[in-house]
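Everything below concerns the one structure shown next.
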Amino acid sequence: MFGTDRSTLLTACRLLVPGSIYLRYNDLMTETTFHCGYIALIGRPNVGKSTLLNRLLGEKLAVTSPKPQTTRHRLLGILNQPGAQLLFLDTPGLLPYQNALQEALVNTALKALADADVTVWLVDPVPPHLDDQVILPHLRALHRPLVVAINKIDLVSKPRLLPLIAAYHQLFPQAAVIPVSALLGDGVDRLLAEIIHLLPVAPPLYGEEVLTEHSERILVAELIRERLFHHLGQELPYAVAVVVENFDESQRPRLVNIRAVIYVEKDSQKGMVIGKQGRLLKRVGQEARAEIEKLLDSHVFLDLWVKVWYHWRRDPKAVRQLGYQSR
Ligand SMILES: Nc1nc2c(ncn2[C@@H]2O[C@H](COP(=O)(O)OP(=O)(O)OP(=O)(O)O)[C@@H](O)[C@H]2O)c(=O)[nH]1
Ligand SMILES: [Mg+2]
């Protein structure tokens, strides 16, 4: 899914000098009514926010999985369209929190909501949960435009969809309600057109070739975590955090040497991540390396270690040190 020119995109992102952007992108600036702004993708866990971000960008930037609470960062994905630059913020799913990690994730999502010029509330194709105390109060208090995107419409028949659209219209009469399938792409063009229409008139903030502002280290750690999410069962994926400790690109593109640590919360989990005779860790490493090589457009040597950080999810300081915090 990664484009071949992706590492160029990301490298360019790191090399950009503030102030040079407008000079280099005169073509974007010639529009007299250029639209630019932040769009927060908000919703419950697992509704498809990250899948939608990847679909909108045409690149795999965000990690996704069938398990809820996959996303842990506010991830910026930049899309350039004729006359507009869209700055999408993927966010962690909103739910009542039970530990320091979940609290940090909810704060991250709410901060993105507060910062955004337009909010896209992504929902499953089910009637609104009117008793929702985590999202609805924030959406009701919103002073900026809202779009409701009913996702996964590939899973429902048309006759079932119409009452759903009506129910969301009734809940937020001022908002456009747009059915989409992030997986298949249905409705995504209409969603884009609606968002552009709602964005403020402003010049582009980023150069045309920039896809994101995140470091390759973070994206690499996320790809490793995604593979762990796919292979680990039950609660174990949630006990895992990944940190890239060494990123040696002195021989790039011949080779990038990466050492990453997978943190778990208990001794017993360490063995589960490593697997019998190291098989699970080996598989995770092989799959992650293939994805990382596409991302970096380079051969990669990936050295994975598993360490225990006792009960890190309960400890706000540990959560921060592992890179999860509202920004
Ligand atoms: N059938 C169908 N499945 C979808 C669609 N969009 C996403 N999914 C699936 O839903 C699951 C969750 O998708 P994600 O994109 O990880 O969801 P998320 O909202 O980012 O989840 P969190 O990061 O946990 O908040 C994955 O298995 C996706 O493949 C869709 O339009 N149709
Ligand atoms: Mg996600």
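Laboratory data are not the source of any read-out in this text; all were calculated from the coordinates shown. These numbers come from a predicted model, not from an experiment. Here the Cβ is made from the backbone with ideal geometry for all residues, glycine too, and neighbour counts use every protein chain on show.
Tell me, what is the percent relative contact order of the chain, built from C-alpha pairs under 8 Å that lie six or more residues apart?
Details: 607 pairs, mean separation 68.0, N = 327.
Answer for the chain is 21 percent.
Would you list the membrane-span-like helices of the chain, meaning whole DSSP H runs whose alpha-carbon atoms span at least 24 Å along their axis and whose mean Kyte-Doolittle value is at least -0.5?
Values: long enough: 279-296 (25 Å, -0.46).
Span-like helices here: 279-296.
Taking other Cβ within 10 Å of each residue's Cβ, how do Val120, Val126, Val243 sort, fewest first? Don't skip to the end; give the middle numbers.
On the way: Val120 29, Val126 13, Val243 19.
Listed from fewest to most nearby Cβ atoms, that is Val126, Val243, Val120.
Given the options Trp121, Leu53, Ile292, identify the residue whose Cα lies farthest towards the positive end of the charge dipole of the chain (+1 on Cβ of Lys, Arg; -1 on Cβ of Asp, Glu).
Ile292
Counting other beta carbons within 10 Å of each residue's own, what order do Ser298, Ser157 fall into, fewest first?
So the ranking, lowest neighbour count to highest, is Ser157, Ser298.
Would you please give the FRET efficiency between Ala114 and Leu205, computed as 1/(1 + (r/R0)^6) with r the Cβ-Cβ distance and R0 = 25 Å, to the nearest 0.05?
Rounded to the nearest 0.05, the efficiency is 0.90.
How high is the relative contact order of the range 216-321? Use alpha-carbon pairs under 8 Å, at least six apart in sequence, and give a whole percent.
Numbers: 158 pairs, mean separation 31.7, N = 106.
Here the relative contact order equals 30 percent.
Going toward the positive end of the dipole of the chain, with +1 on Lys and Arg Cβ and -1 on Asp and Glu Cβ, which of His231, His214, Pro137 do you reach last?
His231
Suppose each label sits 7 Å from its Cα in the direction of the beta carbon; what would the Leu255-Lys307 distance come out to in nanometres?
Output for this residue pair reads 2.4 nm.
In what order do Lys276, Lys152 fall by count of nearby beta-carbon atoms within 10 Å, going from fewest to most?
Placing the least packed residue first, the sequence is Lys276, Lys152.
Under unit Cβ charges (Lys, Arg +1; Asp, Glu -1), what dipole magnitude, rounded to 20 debye, does the chain have relative to its Cα centre? If you can, show how the numbers build up before the last one.
Working: 37 positive and 33 negative charges, 215 e Å.
Magnitude of the dipole: close to 1040 debye.
Counting just the Cα atoms, what span does the range 6-198 cover along each of its three principal axes? Round to the nearest Å and put the largest first.
Answer, in whole Å and largest first: 50, 38, 31 Å.
Roughly how many Å is it from the Cα centre of the range 143-179 to that of the range 39-96, as a whole number?
Centre-to-centre distance over Cα atoms comes out at 18 Å.
So if R0 is 25 Å, what FRET efficiency would Ala290 and Leu184 give, r being the distance between their Cβ atoms, rounded to the nearest 0.05?
0.50
Among His231, His35, His73, whose mean-square fluctuation peaks in a Gaussian network model of the chain (Cα, cutoff 10 Å)?
Its mean-square fluctuation being the largest, the pick is His231.
Once you sort the root eigenvalues of the Cα gyration tensor of the chain as a ≥ b ≥ c, which label holds: rounded (a/c under 1.5), prolate (a/b larger than b/c) or oblate (the other case)?
Values: a/c = 1.87, a/b = 1.24, b/c = 1.51.
In terms of gyration-tensor shape, oblate.
What whole-number distance in Å separates the alpha-carbon centres of the range 190-219 and the range 276-327?
28 Å
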